[in-house]
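Following: one structure in structure tokens, then a few remarks.
The values are calculated or read from the model by the stated rules, or taken from the named source; none is laboratory data. Here the structure is a predicted model, which means the values were calculated and not measured. Every residue, glycine among them, receives a Cβ derived from its backbone with ideal geometry; neighbour counts consider all protein chains shown. These accessible areas exclude ligands, DNA and RNA; they are computed on the full protein's heavy atoms, side chains included. Shrake-Rupley method; radii C 1.70, N 1.55, O 1.52, S 1.80 Å.
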Amino acid sequence: MFSYFWPLAVIVLSNTIYQICAKGIPPQMNTYASMTVTYGVATLFSLAAYLVTSKGGNIFKEMALANMATVVLGIVITGLEVGFIFAYKAGWKVSTLSTVANGLLALAVIFLGFFLYHEKIDLNKVIGICLCLAGLFFINK
């Protein structure tokens, strides 16, 4: 059970701190310069985590296993980060941006799961979609 919930806790904690940090980037700083620092730190942290967890593995062999999903993930993560930073610079509130973005994401992935992965949309998901739309309406009111 722990292995099921600890990743969720990491996501929630990391995303909470992420929102605080993204909002805290100086408005006068070039967003892409900020991203360069961010990803430099992320690269060093990821390398250190790999070395601690790999038990003598070869990082070059691991990197050879990368496919287009790994490359595209790097591109879309950058888009995700830049989108949040620019949204905060444009005036979005930390209390609403993530909620609105994740609400819309929830709607998108329900349909993505249906069309690409043949996951079922049952009554509970329909009710969830309706509640999500209602929540987005009230948050933006």
TODO: Please enumerate the residues belonging to the range 88-97 that are at pLDDT 90 or above and closer than 22 Å to residue 138 by Cα.
DONE: 88, 90, 91, 92, 93, 94, 96, 97
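Would you confirm, using the coordinates I've provided, whether residue 39 is touching a helix residue (DSSP H, G or I) at 6+ places or on another chain (Cβ under 9 Å) and either more than 22 Å from residue 139 (Cα to Cα) or surrounded by fewer than 11 Cβ atoms within 10 Å (Cβ to Cβ) (or both)? Before the answer, list the steps.
Values: touching a helix residue (DSSP H, G or I) at 6+ places or on another chain (Cβ under 9 Å): yes; either more than 22 Å from residue 139 (Cα to Cα) or surrounded by fewer than 11 Cβ atoms within 10 Å (Cβ to Cβ) (or both): yes.
In short, yes.
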Open item on the list: If I go through the range 44-63 residue by residue, how many of them are more than 30 Å from residue 94 (Cβ to Cβ), open to solvent by 80 Å² or more (accessible area, probe 1.4 Å) and among the hydrophobic types (A, V, I, L, M, F, W, C)?
Closed with: 4
- [ ] Residues being modelled with pLDDT under 90 and farther than 24 Å from residue 97 by Cα: count how many of those fall in the range 113-141.
- [x] 0
Open item on the list: Taking the criterion of being part of a loop (DSSP other than H, G, I, E, B), open to solvent by 90 Å² or more (accessible area, probe 1.4 Å), of a type outside the set (Asp, Glu) and within 30 Å of residue 30 (Cα to Cα), would at least one residue in the range 106-124 satisfy it?
Closed with: no
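Restricting the search to the range 101-141, which residues are closer than 23 Å to residue 18 by Cβ and polar (S, T, N, Q)? Steps first, answer last, please.
Restricting attention to the range 101-141, the residues satisfying the condition of being closer than 23 Å to residue 18 by Cβ are 101-109, 112, 132, 135-136, 139-140.
Residues satisfying the conditions are 102, 140.
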Task: Tally, over the range 82-100, of residues that are aliphatic (A, V, I, L, M), closer than 16 Å to residue 17 by Cα and either open to solvent by 40 Å² or more (accessible area, probe 1.4 Å) or in a loop (DSSP other than H, G, I, E, B) (or both) - done: 1
